[in-house]
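A short reminder: the numbers here are calculations on the coordinates, not readings from a lab. Small disclaimer: the values here were computed from a predicted structure and weren't measured. When we count neighbours, we look across all protein chains shown, and the Cβ atoms used for this are built from the backbone with ideal geometry, even at glycine.
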Amino acid sequence: MKKKEIVDFISSLSLMILACVVLLLPTFNIDNIKLVLTIIFGFYTLIKLSSFILIIKERDYESLFTGAISLVGLIAIYYIELSTKNLALILMIWLGISSLIKLKKADFYHDRDNKMWILRLFILFVFLTTGLIFSLNLMYENSVQILIIGCFFLINSLLDAVDPLVTYLMRSSSNASN
């Protein structure tokens with residue numbers, strides 16, 4: 001695996017672990033939604049910006065932009081009262097801007113005649129669909145909201161792990177056939 005693929009996969013794996021921990025929080029009677037979102041957006045900011053710094057020579061700005069929008073989400077949590085409506089609004093704005101970032105990545109692949117753009121568009125569609133479904137279902141108590149948010153970020157991290165894995169598998173299969 002190339003350094004970029006390793007960094008992307010490790011960052012996705014760490015975000016999967018974070019999402020699994022978030023899914024376990026209601027079991028331990030932790031239902032402070034502000035704390036959970038602070039942890040999620042804080043880790044997303046830290047992991048994505050670290051990932052960008054590690055692969056800065058690759059000129060792939062997806063991690064930088066995702067880290068930046070997560071930082072904006074982290075700041076917004078403290079300036080906006082977290083009612084259910086505002087929570088859904090924050091997540092939908094994060095979802096919309098993240099979707100634009102994923103669309104830009106698909107366009108990047110398309111411009112370079114890389115067939116990964118088709119997979120990236122599929123990932124974008126799944127990301128948007130799950131994000132909208134989960135954002136619209138936040139009308140429950142805090143523990144259920146935490147589970148919904150944890151599921152969404154777990155799916156997001158799984159989708160982020162697809163790109164480096166498929167790139168590695170495509171390259172290894174082409175090397176094996178040569």
- Message: When you scan the stretch 81-92, do you find a residue that is buried (at least 17 other Cβ atoms within 10 Å of the Cβ) and polar (S, T, N, Q), even just one?
- Response: no
- The listed residue being within 25 Å of residue 53 (Cα to Cα), under 13 Å from the mean Cα position of the chain (by Cα) and of a type outside the set (S, T, N, Q), out of 91, 103, 64, 74: 64
- Any idea which of 128, 159, 124 is over 20 Å from residue 9 (Cβ atoms), of a type in the set (A, V, I, L, M) and in contact with a helix residue (DSSP H, G or I) (Cβ under 7 Å, 6 or more places away or on another chain)? 128
- Task: Report, by residue number, each residue of the stretch 106-120 that is over 15 Å from the mean Cα position of the chain (by Cα), of a type outside the set (A, V, I, L, M) and surrounded by 14 or more Cβ atoms within 10 Å (Cβ to Cβ).
- Result: 108, 109, 110, 114, 117
- Task: Scan the stretch 91-107 for residues that are of a type in the set (A, V, I, L, M, F, W, C) and either in contact (Cβ under 8 Å) with a residue 24 or more places away in the chain or over 19 Å from residue 67 (Cα atoms) (or both) and jot them down.
- Result: 91, 92, 94, 95, 97, 101
- Note on the structure: Of the residues in the stretch 121-147, those that are among the β-branched types (Val, Ile, Thr) and surrounded by 21 or more Cβ atoms within 10 Å (Cβ to Cβ) number 2
- Message: residue 135 - would you say it is among the polar types (S, T, N, Q), in contact with a Phe, Trp or Tyr (Cβ under 9 Å, 6 or more places away or on another chain), over 18 Å from residue 15 (Cα atoms) and part of a helix (DSSP H, G or I)?
- Response: yes
